[in-house]
Amino acid sequence: MVCVRFAPSPTGHLHVGGVRTALFNWLFARNQKGKFILRIEDTDIKRSERDWIDNIIEGLSWIGIDWDEGPYYQSERRAIYDRYFEKLKRTGRIYPCFCTPEELKRRREAGMFLYDRRCYRLSEDEVEERIKAGEPHVYRFLMPEGEIVFEDLIHGELRKEGKEIEDFVVVRSDGTPTYNFACVVDDHEMGITHVIRAHEHIANTPKQLVLYHALGLDPPRFVHIPLILGPDKKKLSKRHGAVSLLDYRKEGYLPEAMANFLALLGWTPGGNQEILSLDEMIERFSLSRVHRADAVFDIQKLDWMNGYYIRQLSDDDLLNRLRPFILAAGYLKEEEFETEKGWLLRAVRAYKPRMKRLTDFIHLSVYIFKDDYPVDRDALRLIDETARKRFNMLADRYELLERFDRKVAEEVFRSLIKELGIKTKELIHPVRIQLTGRTEGPGLFEIMELLGKERTIGRLRH
């Protein structure tokens with residue numbers, strides 16, 4: 001049975017690149033009726049924080065990724081690593097290194113880019129004496145010479161000379177395992193069949209393969225997926241904007257849209273269809289359709305896709321998703337939400353076609369919630385003394401109405417235009433600016449209905 005894992009380090013926010021890796025693993029597992037495991041690689045105690053773990057779990061859950069096992073925490077698996085460490089010791093393939101970080105830094109600055117194995121040449125007596133004296137030390141793996149060859153399911157056969165890789169550390173001075181060692185142990189213990197991860201991990205694969213070989217273990221299949229680049233074709237980073245998944249939630253993106261968008265960064269479902277549900281992605285997902293070339297994060301495409309998903313939501317569902325944004329903006333209080341629900345649903349229907357992000361509703365609708373709203377100063381040139389006289393004439397007619405809705409408001413409006421003998425645009429544009437401070441928006445009479453009779457009249461006379 002196929003078994004894959006997503007194994008993030010909790011040293012920062014869940015990055016969209018990490019989410020895309022998790023998504024590919026999850027889609028592959030679900031397509032193959034296999035198992036998806038969540039593993040938190042928190043052996044770097046100094047950099048790992050509980051908040052980052054919570055961020056990872058919350059982000060995966062928000063986007064729709066669930067897991068069959070886990071989360072497992074490497075910090076709780078020390079006894080397992082110790083057992084494999086003892087096995088490595090017996091192979092004679094690791095040795096203690098007493099070089100301090102400061103010494104190693106000086107040597108690198110002097111041009112020594114690979115560790116020179118000076119501690120490997122120490123006598124057994126000296127090693128034993130220094131260990132007994134409590135001198136801090138790490139354990140390094142003795143890299144074999146010769147070529148390391150492995151098959152990547154995307155990139156094909158890859159090769160690396162062993163002499164080009166230094167004797168890497170497998171256990172730190174505090175006894176905790178490093179990434180490569182813990183990764184090999186966990187992947188074997190958890191029965192991982194396919195390691196699907198970012199392209200940048202290709203450099204780790206030869207190190208892990210020699211560990212598998214030294215421990216007498218069968219390695220999994222390796223799949224290194226393309227990087228995600230910014231529009232400038234450089235690796236996606238904060239300089240390109242938000243990179244944390246939950247930042248996109250704050251900016252008003254839907255989880256359905258994010259999952260769909262990220263899945264298409266480096267994978268083709270076949271055909272021209274770009275809008276896919278999670279079920280459709282599961283059905284179509286194949287590693288053979290994952291690209292070799294890096295993918296470009298196109299925010300305009302994400303906005304288009306998010307807008308599409310917003311328009312597919314029912315008004316009730318959309319209002320429910322807008323609720324936290326409306327409350328955070330201070331437009332309504334929690335207790336007002338239910339009493340104003342009918343009016344809010346009308347507002348949602350009015351602005352839905354224009355929204356690309358949920359946050360757009362807050363900016364687009366500000367003038368129906370607040371009387372103190374931004375005004376396009378350039379557009380005010382359309383409002384002259386003649387326009388003000390016409391506003392008062394329209395307000396006078398609206399004052400006489402017992403029922404005020406979009407239909408009646410439009411009838412009265414068009415009657416005045418006919419009476420004045422002017423073109424529609426000569427009144428409709430100035431009135432829109434007078435009521436909203438803008439030149440664009442939903443239908444003018446929809447806006448009047450949302451504002452209500454008193455507020456419409458009040459703004460016309462302002």
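The values are calculated or read from the model by the stated rules, or taken from the named source; none is laboratory data. Since this is a predicted model, take the numbers as computed values, not measurements. All Cβ positions, even for glycine, are placed from backbone atoms using ideal geometry, and neighbour counts span all protein chains on display. When the accessible area is computed, the model is the full protein with side chains, heavy atoms only, and any ligands, DNA or RNA have been set aside. Shrake-Rupley method; radii C 1.70, N 1.55, O 1.52, S 1.80 Å.
List of remarks:
- Among residues of region 268-321, those that are in a loop (DSSP other than H, G, I, E, B) and within 25 Å of G18 (Cα to Cα), counted: 16
- Selected residue (only one of E49, E58, E109 is open to solvent by 70 Å² or more (accessible area, probe 1.4 Å), charged (D, E, K, R) and modelled with pLDDT of 95 or more): E58
- Residue, most open to solvent (accessible area, probe 1.4 Å), within region 433-453, restricted to residues that are in contact (Cβ under 8 Å) with a residue 40 or more places away in the chain and not in a helix (DSSP H, G or I): T439
- In region 143-166, the residues that are open to solvent by less than 90 Å² (accessible area, probe 1.4 Å), more than 39 Å from the chain's Cα centre (by Cα) and without any contact (Cβ under 8 Å) to a residue 60 or more places away in the chain: G146
- Of all residues in region 310-327 being touching a helix residue (DSSP H, G or I) at 6+ places or on another chain (Cβ under 8 Å) and of a type outside the set (A, V, I, L, M, F, W, C), the one that is least open to solvent (accessible area, probe 1.4 Å): D315
- Taking the criterion of being in contact (Cβ under 8 Å) with a residue 12 or more places away in the chain, in a helix (DSSP H, G or I), open to solvent by less than 40 Å² (accessible area, probe 1.4 Å) and not aromatic (F, W, Y), the only residue of region 84-106 that qualifies is L88.
- If you check G307, G266, G342 for being open to solvent by less than 50 Å² (accessible area, probe 1.4 Å), closer than 25 Å to Y373 by Cα and in the same structural domain as I225 (by the TED database), only one passes: G307.
- Exactly one residue among L211, L246 is in contact with a helix residue (DSSP H, G or I) (Cβ under 6 Å, 6 or more places away or on another chain) and farther than 18 Å from T178 by Cα, and that residue is L246.
- Every residue from region 261-294 that is hydrophobic (A, V, I, L, M, F, W, C) and farther than 22 Å from G64 by Cα: A293
- A single member of E419, E410 is open to solvent by 30 Å² or more (accessible area, probe 1.4 Å), over 23 Å from L313 (Cβ atoms), among the acidic types (D, E) and in contact (Cβ under 8 Å) with a residue 12 or more places away in the chain, and it is E410.
- Restricting region 141-196 to residues that are aliphatic (A, V, I, L, M) and in a loop (DSSP other than H, G, I, E, B) leaves a set whose member that is farthest from T91 (Cα to Cα) is I154.
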